[in-house]
Every structure is written in C-alpha cells, then in structure tokens.
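Q: Here it is, the structure, as structure tokens.
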Amino acid sequence: MTANKQLLSQHGEELWAAAAEAGVQLRFEAAVAGVVPVVRVLQESLAGARVERVHGIVNGTTNYILTEMARTGASYEDALAQAQHAWLCRARSVRGRRRSRRCRQDAILARLAFGTPVHLDQVPYEGIEHIAPADLEYAQEFGLGLKLLGTAERVDGGLSVRVHPAFLYAGHPLASVTGPYNAVTVESEAITEITMSGPGAGGPQTASAVLGDLVSVHHRPGRAAWAGGLSSRPCRTSRRPST
C-alpha cells in the first residue's frame, strides 16, 4: 500500500509488474483525490464499463483559492496567503511542486481508467496563477464556475490528458464543489456519469484511505494484483476544452 503519487506516476508500470509477478495486491487509494474512493471505483465497480472520460478537481488547495477569490473578490496572492494561513499548503506556494502533483494524479487516473501508461511530460498543464478577480466576476455574471480540472478522455482513437482552468455551467456536477474539496466525474455509456466528492489532502483523510486499502486487502487475500492491460494506444497531448 502506498499514498505516494510521485512513485506511482513515475514507476507505476514497474510496481504493477512486480505485484503481478509476486501474486500480491498493489493498493494506492490515498494517492489520488484524498479520501474520494475513485481508485477503487475504477478498479472494481466500473471494471466492466468502457470509460470515455474522467475529469475532476484533484487538488483541494487550488479549489480553496478559487473559491475565496470568487467569494470575496480577493486576488490570487491574497487567497494563496489565506490558504497558507489555514495550513492548506506550504509557504513555497502552489506553483512548481504542486503542478507536478496535479499532473501525477491525472496521469494515475488516466492509467486506471484507460489502461494506458501516461508520463508526466505528456500532460499539458496550465495553472491558476494568472487568474484575476475579473475572471471570477465574469464567470459569476454568466452563472458559471471556474475550476482547475484534470481531464483524461478518449479522442480520435487516442487519449488526451491535461490539467487546466475551465468554466463550468451551473448544473455541472463539479461546479458546486467549493473550498478544500476534491471531486471526480467518470463518464461512460454504460453508466452515463457518476461523481464522487470529499475532502482533499490531510492527515485523517490520507489515513482513512490507507486504512480502507488495508481492510480491502484483508478481505481479498491472495493474487489480486491489478495491472490493467498494458496498451499500445497513444496518449495524445491536447488542450481541447473540457466543458
């Protein structure tokens, strides 16, 4: 069991192969979207569904910042300072390392949903550092929400994976997710769509996800490693809008 998203995004194929060879399970619910059980849902509940698209809010800090900007009219810098004061992120800001963290989670979700290895350099990234209060005012004027989304979807026989800000219509299942919360929507013809949401990163949340993996392993002993079918389908980089 691991909560290490960097390890999985960079060496996931080796770990899955080693688990399969040893006849053991590899569990990592805590590595993606905090306490939201998206890994188990994709691995087990939707194992028989052809997933067309996975997209979501997988970083509670950036969602908190955008929520505060929309609620109070604060600038990005002021909302970031509030997040730091609330211990939602380190003083080194949400740039740099957190960019890698969001891309890592998106790469792991794409691997789970589509069985295709995705590397970090294949995930185009656009952050929220340049979003201004006027952008949030524009969104509110037209009844829209502005979120940082990680998206993975089938496109023209390949796979598009990306992280970017997007306007969402008011009825979108991710539009109402506010504060330091994560949410993931899975779309498939078999199920239409389902959305899971919950608190993002944090000690109790991570511990809960790891404990869930432990209980799952206890109830399903033996050879149950999930390796997904390694696919030769290409991962395409794209900035296609996700709304």
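Q: Go through segment 8-33 residue by residue and tally those that are open to solvent by 10 Å² or more (accessible area, probe 1.4 Å) and outside any helix (DSSP H, G or I).
A: 5
Q: Go through segment 44-67 residue by residue and tally those that are outside any strand (DSSP E or B) and surrounded by fewer than 18 Cβ atoms within 10 Å (Cβ to Cβ).
A: 6
Q: Take E193 and tell me if it is open to solvent by less than 50 Å² (accessible area, probe 1.4 Å) and out of contact with any Leu (no Cβ under 6 Å at 6 or more places or on another chain).
A: Taking the combined requirement at face value, the residue does not satisfy it.
Q: Does segment 173-180 include one or more residues that are part of a strand (DSSP E or B) and among the hydrophobic types (A, V, I, L, M, F, W, C)?
A: Checked against the condition, which is being part of a strand (DSSP E or B) and among the hydrophobic types (A, V, I, L, M, F, W, C), segment 173-180 yields no hits at all.
Q: Okay, moving on. Can you list residue pairs whose Cβ atoms sit under 9 Å apart, with the first residue in segment 185-210 being without any contact (Cβ under 8 Å) to a residue 12 or more places away in the chain and assigned to a loop (DSSP other than H, G, I, E, B) and the second being open to solvent by 60 Å² or more (accessible area, probe 1.4 Å) and of a type outside the set (D, E, K, R)? Count only pairs 6 or more apart in sequence or on different chains.
A: No pair meets every condition.
Q: Right, another one. So in segment 102-151, with the set limited to residues that are open to solvent by 50 Å² or more (accessible area, probe 1.4 Å) and part of a loop (DSSP other than H, G, I, E, B), which one is farthest from L66 (Cα to Cα)?
A: Taking the candidates together, the pick is H119.
The values are calculated or read from the model by the stated rules, or taken from the named source; none is laboratory data. Note that the coordinates shown come from a computational prediction; the quantities given were computed from them, not determined experimentally. Cβ: placed from backbone, ideal geometry, glycine included. Neighbour counts: every protein chain shown. Ligands, DNA and RNA are stripped out before the accessible areas are found, and what is left, the full protein with its side chains, is counted by its heavy atoms. Shrake-Rupley method; radii C 1.70, N 1.55, O 1.52, S 1.80 Å.
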